[in-house]
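Report on one structure; see the data block that follows.
The values are calculated or read from the model by the stated rules, or taken from the named source; none is laboratory data. Remember, predicted model here, so these are calculated numbers, not experimental data. Every residue, glycine among them, receives a Cβ derived from its backbone with ideal geometry; neighbour counts consider all protein chains shown. Quick note on the areas: whole protein, heavy atoms, side chains included, nothing else; ligands and nucleic acids left out. Shrake-Rupley method; radii C 1.70, N 1.55, O 1.52, S 1.80 Å.
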2 protein chains.
Amino acid sequence: MSGTAVPDGIRSARLVLTPLDLAADAAGLHVAYGDPRVSRPWADEEPPRDEAETRERLAARVERPGGRLWTIRRAGEPDALGVVELADVPPTPWLSWMLRPAQWRRGITGEAVAALVEHLFAAGGLERVEAWADAANTGSIGVARRAGLTERSRFTMSTPVGGTREKVVLGRLRAPGPQRFHLAHPVLPVRDVDASLALLHAGLGLEPGFRAGEPAHHAAARLGPWSAGPALRLALAPGGEPIAPVTVVLDAGTPLAGLAARWTAAGGRTGGPVRRMPWGAYELCCLLPEGHRLLVGGPPS
Amino acid sequence: MSGTAVPDGIRSARLVLTPLDLAADAAGLHVAYGDPRVSRPWADEEPPRDEAETRERLAARVERPGGRLWTIRRAGEPDALGVVELADVPPTPWLSWMLRPAQWRRGITGEAVAALVEHLFAAGGLERVEAWADAANTGSIGVARRAGLTERSRFTMSTPVGGTREKVVLGRLRAPGPQRFHLAHPVLPVRDVDASLALLHAGLGLEPGFRAGEPAHHAAARLGPWSAGPALRLALAPGGEPIAPVTVVLDAGTPLAGLAARWTAAGGRTGGPVRRMPWGAYELCCLLPEGHRLLVGGPPS
């Protein structure tokens, strides 16, 4: 295939998507990747210096097991304007995309990603797909939504280059059906439900949810302000019986240094200072009076 | 105020919202509530039989502490076309709306709810707001999104009249900022991580997530297919030491009868049949070999 041929592929109103052809497409795609506005979201690396480096990076992605990339072109035009990638990562194949900045704000990625997802659901054997977007990036969220993906989860990602960002996970199932499970709420047996609620509120900002009994024998401490969201459950432990400590992993979106200071100021004990774990993440261990361990992972500062 | 006056209120391009006036608005609103397409989502009751019953129900809502209702009119026209309600329920004020079916599909509720939310955030002291929509109701989700609310959580609701429905919780903060916490993952100490993963997969459909060690000493069993979603964490317990059972509450979106059959078929023990709890919800207790209790709440069948 020559660089000026217009190959067959997945078609939409304005576009054609074809499997990435490194020889033909690298020059056009370097126009995109060489622009820091495009490469910035590759948070851990600098923009490629030249076409050869763009080709090298794309080749590495093509060679990943299950990695598939399609080049975006306007129908009848030879220029490679951008790419859509489907990475075969567990638990769910993962979509990403990029486009030359000169082509932004014309609905091109939305059209391309929607066409690709429809094609893969209809004919490509794909059962489900997800994409991540910065929570503040309404453009990227709009692209995913146009392809029928809806918000499923949020998390916070910290990288040396990209800093700390809240990410939205958007997903779509080929055959939508009821979700089997929504949330798992750990139950912590405690000696004093109201005192535990007060400590979790003062020390971590958790908000009291339901509360049963007077004095309370069951209650919830919500992780966020939304109803039906994740929560820690508190249950009054029978007097006299020993309490076995429970461990809960908490995903935090705000700096652990601040959480540690707040927890300590509220009278909470920690299992030591914020520490870097062998796998690179940071962790703060907040201890409840009964010995329960809240292992809080999040951005360090 | 007479029924034909056009009162001052919150204005948008086409609409005026005024605090509900039972005397002036009940007739117009009965046109809406008397229609089963409107009253069906009031899942636990039948449509009101006459204007008096509509007025009575609206009066009960006005009298709730913190309950506020606004009537929707076209600017310059006297007819009460619908209402927007802000219920002051913990943890977060809760928006709902309805409109005469003859006015549907014109963007009226979206315009009304957006104008109200902007007004309350700018001048009404509101800090955060949420709304619920059926997961399949793209119209209602679109209304909330137009008012700047985005998806935050999902849950499943069962009522005698409405049946079982998956609901989306949409929310907006007046001052958006990073979410303090995303999720809480309970950690279950187990004797055999891989066997536990296999039982949770076969018995409840949980999907293996990360897995560390050979044989595994830590792993995750995901509640759903999305990355960064809720999961049970499994940790290899030191040999010989006793394991203290942990309790986890799981929110299910599919019938407990089917989950019970699947869990039992996979060799899992239960704490008895699905039972109705004193507060009306249904619960299935799935036991892990170590005695951990998964209290699964959800629709009974």
- Task: Please report the buried accessible area for the interface of A with B, total over both chains, probe 1.4 Å, in Å² to the nearest 100.
- Result: 5200 Å²
- Placed amide H near residue B:182: partners under 5 Å, 5+ positions off or other chain: A:251, A:252, A:253
- One decimal, nm, nearest first: from residue A:67 to the same residue in each other copy, label points 7 Å out along Cα→Cβ, the values are 5.8
- Message: Computing the accessible area with a 1.4 Å probe over protein heavy atoms, can you report the carbon and sulfur percentage for the range B:187-297?
- Response: 60 percent
- Pull up the DSSP beta bridges for chain B and report the antiparallel fraction as a percent, rounded to 5. 85 percent
- Taking chain A as a Gaussian network, Cα atoms linked when under 10 Å apart, which of A:255, A:178, A:225 shows the biggest mean-square fluctuation? A:178
- Item | Under 16 Å from the residue A:277 label point (7 Å along Cα→beta-carbon), backbone N, the range B:163-203 | B:182-189
- Query: Using a Förster distance of 60 Å, how high is the FRET efficiency between residue B:137 and residue A:52, based on the Cβ-Cβ distance and rounded to 0.05?
  - Reply: 0.70
- Ranked from the most accessible area to the least, with a 1.4 Å probe and all protein chains present, what is the order of A:251, A:50, B:25? A:50, A:251, B:25
- Which helices of chain B meet both criteria: a Cα extent of 20 Å or more along the helical axis and a mean Kyte-Doolittle score no lower than 1.0, with helices taken as whole DSSP H segments? B:108-123
- Note on the structure: Quick numbers on the range B:37-172, Rg and Dmax over C-alpha atoms in Å, give 14.8, 41
- Task: Would you mind listing the distances between the residue A:301 label point and the same position in each other copy? Use 7 Å along Cα-to-C-beta, nm, one decimal, shortest first.
- Result: 6.1
- Query: Using r as the Cβ-Cβ distance of residue A:64 and residue B:262, and R0 as 30 Å, what FRET efficiency do you calculate, to the nearest 0.05?
  - Reply: 0.30
- Query: Normalised by the number of residues in chain A, what is the relative contact order in percent for Cα pairs under 8 Å and 6+ residues apart?
  - Reply: 11 percent
- Query: Viscosity 0.890 mPa s, temperature 25 °C: Stokes-Einstein D of the range B:187-297 from its Kirkwood Cα radius, in µm² per second?
  - Reply: 171 µm²/s
- Report, for residue B:89, each distance to the same residue's label point in the other copies, shortest first and in nm; define the point 7 Å along Cα→Cβ. 3.8
- Electrostatic dipole magnitude of the protein assembly as shown [Cβ: Lys, Arg +1; Asp, Glu -1; Cα centre; debye, to 20]: 300 debye
- Message: Along the Cα→Cβ direction, 7 angstrom out, place labels at residue A:174 and residue B:11. What is the inter-label distance in nm?
- Response: 5.4 nm
- Query: So what is the 222 nm mean residue ellipticity for chain A from helices alone, if each DSSP H run of at least 4 adds -39500 (n - 2.57) and you divide by all residues, rounding to the nearest 500 deg cm²/dmol?
  - Reply: -7500 deg cm²/dmol
